[in-house]
Amino acid sequence: MKNNETKQKVMDASCKLFYAKGYHGTSVRDIAKKASVNVSLINYYFKSKQGLLETVVVTYYEEYLKQLDFVFDETENDGAIDRLKKMIETIIHYKQNQHQFTCFIQRELTLDSIFVREMMVTYLAKENYIVSKLFSDALKGTPHTNMDQEFLLLQLKGLLITPYMAPKEWRSHIVWDQSQDLFVKKYTNSIHKWIDYLTQQKSN
């Protein structure tokens, strides 16, 4: 097996275990067993469990922000509302495709730790800028006050993470792989309807 394939196998195994047992409840030995590799191989590639965690988080967020940047640039000439909707669909689609690790990360973000603060500065600030900018542009010309928009933005951010904060409550909606796309379609459509409601009344 090639080195990069082995590393990916270990990373995939760690994501599943972090989701199921939590970071502190998962040992390097657990990960090695799940990935069918030697513990020494994990230490060789990632130095430690913390190093492995940092690698999977960086990989997750760098690809995530790469996709957000692409859509942000690709839709530059689209209407503000359509642009926001395409971004929302991209966000939900990515998070759903990485469902287990997304749930793990969202759990970790509820904790106050150095790990969380580093993620907020490095990655979440960029995500927040993109979502806030597109949302603000979409609400231009509506009668919502600045305070309204702040509260509405919080609601939007909540909608983008809700399925991953309470995954057990959403389990019945995703029973096989093919239903992943159907869930993304239905859930993003419900957010799009909310956006339509917010933007349908224009100020004079």
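Data overview
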item: Any chance residue 59 is hydroxyl-bearing (Ser, Thr, Tyr), open to solvent by 50 Å² or more (accessible area, probe 1.4 Å) and at negative phi; result: yes
item: Elements of type helices (runs of 4 or more DSSP H) in segment 48-158, at least 1 residues being aromatic (Phe, Trp, Tyr), within 25 Å of residue 19 (Cβ to Cβ) and modelled with pLDDT under 90; result: 99-108, 114-119
item: Segment 7-43, residues that are among the β-branched types (Val, Ile, Thr) and either crowded, with 19+ Cβ neighbours inside 10 Å or farther than 22 Å from residue 104 by Cα (or both); result: 10, 26, 31, 37, 39, 42
item: Every pair of residues 6+ apart whose Cβ atoms lie under 9 Å, when the first sits in segment 132-156 and is outside the structural domain of residue 191 (by the TED database) while the second is polar (S, T, N, Q) and open to solvent by 50 Å² or more (accessible area, probe 1.4 Å); result: none
item: In segment 72-87, the residues that are aliphatic (A, V, I, L, M), open to solvent by less than 20 Å² (accessible area, probe 1.4 Å) and in contact with an Asp or Glu (Cβ under 9 Å, 6 or more places away or on another chain); result: 84
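The values are calculated or read from the model by the stated rules, or taken from the named source; none is laboratory data. This structure is a prediction, so every number in the text was calculated from the model and none was measured. Here Cβ is always computed from backbone atoms with ideal geometry, including for glycine, and neighbour counts include all displayed protein chains. Just the protein is used for accessible areas: all its heavy atoms, side chains included, with ligands, DNA and RNA removed. Shrake-Rupley method; radii C 1.70, N 1.55, O 1.52, S 1.80 Å.
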